[in-house]
Each structure stands twice: as structure tokens, then as C-alpha cells.
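See below for the structure under consideration.
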Amino acid sequence: MSLSEPKYRLPLKHAHQKTVAVAISGGLDSASACLLLRNAGCDVVGIHMRLWDSYSKDNVQRTARGLAEEIGIPYYELDLRTEFKNEVVDPFIEEYLNGRTPNPCIQCNRHFKFDRLRKYAESLNIPIVATGHYAQTKQLETGEYALFVGEDYKKDQSYFLYSLGQRDLKNTLFPLGAFTKEWVRDYALSQGVAFAPVEDSQDICFIDSTIANFIESHRDLSDARGSIVNEQGDILGEHKGIYRYTVGQRRGLGIAAEAPLYVLSLSAKSKTVTVGYKEELKQKGLSVFGVNWPSGKVPSKPFIALAKLRYRHPGLMCQIEPQGKNEARVLFLDNWTTISPGQSVVFYQFCEQEQKHYVVGGGIIGSN
């Protein structure tokens, strides 16, 4: 796609909407979203959510404001640092201390980048919001709205957005979803707008060092030490805290063995890290809780889907068995992968109408 081609066209369902509230950080992606919408004829309003202060990002709010001024759009800033700490950071720490591996980006999207963003936009009488996520929304022949993968599959962020519902999908724009990251970068540069490089990293935004160091700086962990054991309960070594490990981890165990050892499970109650050999990680499936179905309808029977167990995971073909409204059982059909309790699993199916995969549902991984 050349830069001379049409940059972005509003979906027909929003063709009459002239004002759009865009979540802005001052980085490449949010800058490009603003530019694409403005050049499509929209009146763009920038909303910056101040979520966390860190030494590496202490200029973010300044660059977000500067971006708005440079483009010439109204700018609003929400100070949500207390809420972010209570609803994202503290639960993130507690999950690690309980032996799970959470994904704070999903919680941030759910509670802040959509819920609070939308509520604030509505207080300004703006019903449509937009973000710089690489994903797409389409209306199916059934009339339902669906979340599709972005055109740039390497950058696709639909995994982080599975918690969105029909109202969100209907009233949210993802201007970048139809383009590649390279095209977006070239486009932003062609517009002559200065942006801050704060959205290219996939690291957790509120952590400047290691996860272990971050947790230790926020909790008293003087009694976190425990034992590393095998499945028979034999003590093989000691550790400084289960939050330093994740299921499937091989490096950093500090234990000599005939074959490489992997973390099989973590117990906060007994403060033990259980290790074993790779074949002992193999599971037939997993349980899922906190399941969201973007269609708003719980499937009435088991179905086959591609399940992604991590953001960069290529996906496995699985049978999904809904168990009530918010739980499900996932059974691996062919291959298997390491299960990390606390992470999210997202279900995709292929849509013949659009010739793309879309999100059917997703939730938090429980156990095997």
C-alpha cells in the first residue's frame, strides 16, 4: 500500500459521526490514529490517561499534550494513577506472589483504555472512541460485531482485547488495524509530526527493571524463601521466592541434573517450586475462568477453535467446552504447550465472510 492511496475511511456505520475521542500517549501508534482520523474528516479529541509514573517515561504526559497541540486537537488528561495501582498493579503483584503469571495489559485494556476512556468520552458527549491497537472490527451477516485480527499479523493485538463486548465493538474504531506497522511509521513521518517512542515495546509499561525487582520494591518478602522439590517431594535446592519463577521455566534453577529441569508448578501455601522433566509438563488441556464471549452469547455446545495461550503464541487447535457463562474447558487436539496459570487464552475462528480470524472468546487460565 502506497502512501498516496486513501489513508483511512470511516466505517459506514460511523460515517455520520464527526467527533471521535482518541486515547493518546504521544507515541507512534496513537499519533498515527489521530492523523488518520483527522485526515478522514473527523474532529479528533485527544484523551491522555496518566496511569503510572516512572523515570523512563516521565515525559509521556508532556509529549501527549505536545502531540495534541501540534496536530491542533483538543486535549484532556485524566489522572488515574491511584485507580491503576489498585486495579492493575496490586493485583499483578498478588498474582505473582500466589504462583500465577498474570497479564496486566489485558486488565488495563478492560478497565482503563476502554471502560474509563468511554465513560469520559461520553461525559463530553462523544459516543465514539478510538485507540492505536492493531485490530479490526467488522459487522457479521448475523448483525453481530466481531473483533478481527489486524492486517499486520506480526503486530496483531486482538489477543489483548478479548474482553470487549458488543457495545465496545460497535462504538470503537481501530484506525491502524488495516495497515502494517511499517506503513504506519512511514505515514506518521510523512505527516511531519514528532512522536515519542513509547509504544513500540512489548514490556510491561510500569516496570523499569525485572519483575522480581519490581515486586520486591513493593512488598516485604523477607520470609519468601522456600524449597525446590521434585514431584516425589525430595528437596533439590532452595529459592528466594516463587514469584521469581513461572511454569515451564528452564533457566536459572541452579540445580544439576541428568537432563534439563523445568518448573512444573508453584505453591504459595507451601512456598515450593516443583520441578521435573519436559515430558512432565505435557497436559491434555486446561480450565478457563472469567470467560468473555464478545458476541454476548454463550455457545450452546463444544466447538473447535484456534487457541492462543500467550500473545506471541501461534495457537493450537483445541476443542472448547463452555461450562456455564464464565467458565470453559479447553482440550488440546494435536499438539500441546506449557500452561501458565494466570495468563489468558483467547479463542479464534475463521470467518469466511471476511477471510480472516476473529475472536470468539477468551478467559484466564486456571489449571490443567
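Values in this text are rule-based calculations from the coordinates and carry no lab data. Quick caveat, the model's predicted, so the values are computed rather than measured. As a convention, Cβ positions derive from the backbone with ideal geometry for all residues, glycine included, and neighbour counts pool all protein chains shown.
Observations
- Selection from Tyr134, Gly296, Ile211 lying farthest towards where the dipole of the chain points positive, charges on Cβ: Gly296
- For the range 247-368, the Cβ-based charge dipole about the Cα centre amounts to some 320 debye (Lys, Arg positive; Asp, Glu negative; other atoms uncharged).
- Fluctuation leader among Ser158, Ser287, Ser267 - the chain, Gaussian network, Cα springs under 10 angstrom: Ser267
- Around the amide H of Val360, modelled in the peptide plane, lie the amide H atoms of Phe347, Tyr348, Gln349, all under 5 Å away and 5 or more residues distant in sequence or on another chain.
- Residues whose placed amide H lies under 5 Å from that of Asp43, excluding near-sequence neighbours: Thr19, Val20
- Judged by the gyration tensor of its Cα atoms, with axes a ≥ b ≥ c, the range 60-158 is oblate; a/c meets the 1.5 cut and b/c is at least as large as a/b.
- Derived scalar couplings ³J(HN,Hα) [the range 236-241; Karplus, 6.51 cos²θ - 1.76 cosθ + 1.60; whole Hz; x for Gly, Pro]: 9, x, 10, 9, 9, x
- Vicinal HN-Hα couplings computed from phi for the range 280-296 (Karplus, 6.51 cos²θ - 1.76 cosθ + 1.60; Hz; Gly/Pro x): 6, 7, 5, 10, 8, x, 7, 9, 9, 10, x, 6, 10, 10, x, 6, x
- In this simple spin-label approximation, Lys18 and Asp43 carry label points 7 Å from Cα along the Cα→Cβ vector, and these lie 0.6 nm apart.
- Whole-angstrom gap from the range 217-253 to the range 123-144, using each part's C-alpha centre: 44 Å
- Taken along the Cα-to-beta-carbon direction at a fixed 7 Å, the label points for Glu83 and Asp53 span 1.9 nm.
- Arg250/Ile304 FRET efficiency (R0 41 Å; Cβ-Cβ; nearest 0.05): 0.85
- Sequence-separation-based contact order of the chain, relative, with Cα cut under 8 Å and 6+ spacing, percent: 16 percent
- Chymotrypsin sites (Phe, Trp or Tyr not before Pro) lying in DSSP loop within the range 274-368, provided at most 15 other Cβ fall within 10 Å: Tyr277, Trp336
- Trypsin sites (Lys or Arg not before Pro) within the range 108-155, DSSP loop, no more than 15 other Cβ atoms inside 10 Å: Lys154
- Within straight-line reach of Lys271, meaning a Cα separation under 17 Å, sit the following lysines at least 8 residues removed in sequence or on another chain: Lys240.
- Positive-end extreme of charge dipole, the chain - chosen from Pro322, Ile24, Asn109 (charges on Cβ): Pro322
- In a fully extended conformation the segment linking Leu189 and Asp220 would gain 6.5 nm over its present Cα-Cα distance, using 0.36 nm per residue.
- When each of Ser344, Ser367 is scored by the number of other beta-carbon atoms lying within 10 Å, the sequence from fewest to most is Ser367, Ser344.
- Relative contact order %, the range 282-365, counting alpha carbon pairs below 8 Å whose residues are six or more apart: 37 percent
- Inter-label distance, Arg312 to Ser227: 3.6 nm, where each label sits 7 Å from its Cα along the C-beta direction.
- Taking the Cα centre of the range 125-249 as origin and assigning +1 to Lys and Arg Cβ atoms and -1 to Asp and Glu Cβ atoms, the resulting dipole is close to 280 debye.
- The helix-based estimate of mean residue ellipticity at 222 nm for the chain, built from -39,500 (n - 2.57) per DSSP H run of four or more residues and divided by its residue count, is -5000 deg cm²/dmol to the nearest 500.
- Members of Lys138/Lys181; Lys85/Lys154; Lys85/Lys325; Lys119/Lys301; Lys278/Lys356; Lys282/Lys356 lying beyond 23 Å, as alpha-carbon distances in this model show: Lys85/Lys154; Lys85/Lys325; Lys119/Lys301; Lys278/Lys356; Lys282/Lys356
- Only Lys, Arg (+1) and Asp, Glu (-1) charged, at Cβ; the chain dipole about Cα centre in debye: 500 debye
- Rounded to the nearest whole Hz, the Karplus-based 3J(HN,Hα) values (6.51 cos²θ - 1.76 cosθ + 1.60, θ = phi - 60°) of the range 111-123 follow the sequence 8, 10, 5, 10, 4, 6, 4, 5, 4, 5, 4, 5, 5, with x at glycine and proline.
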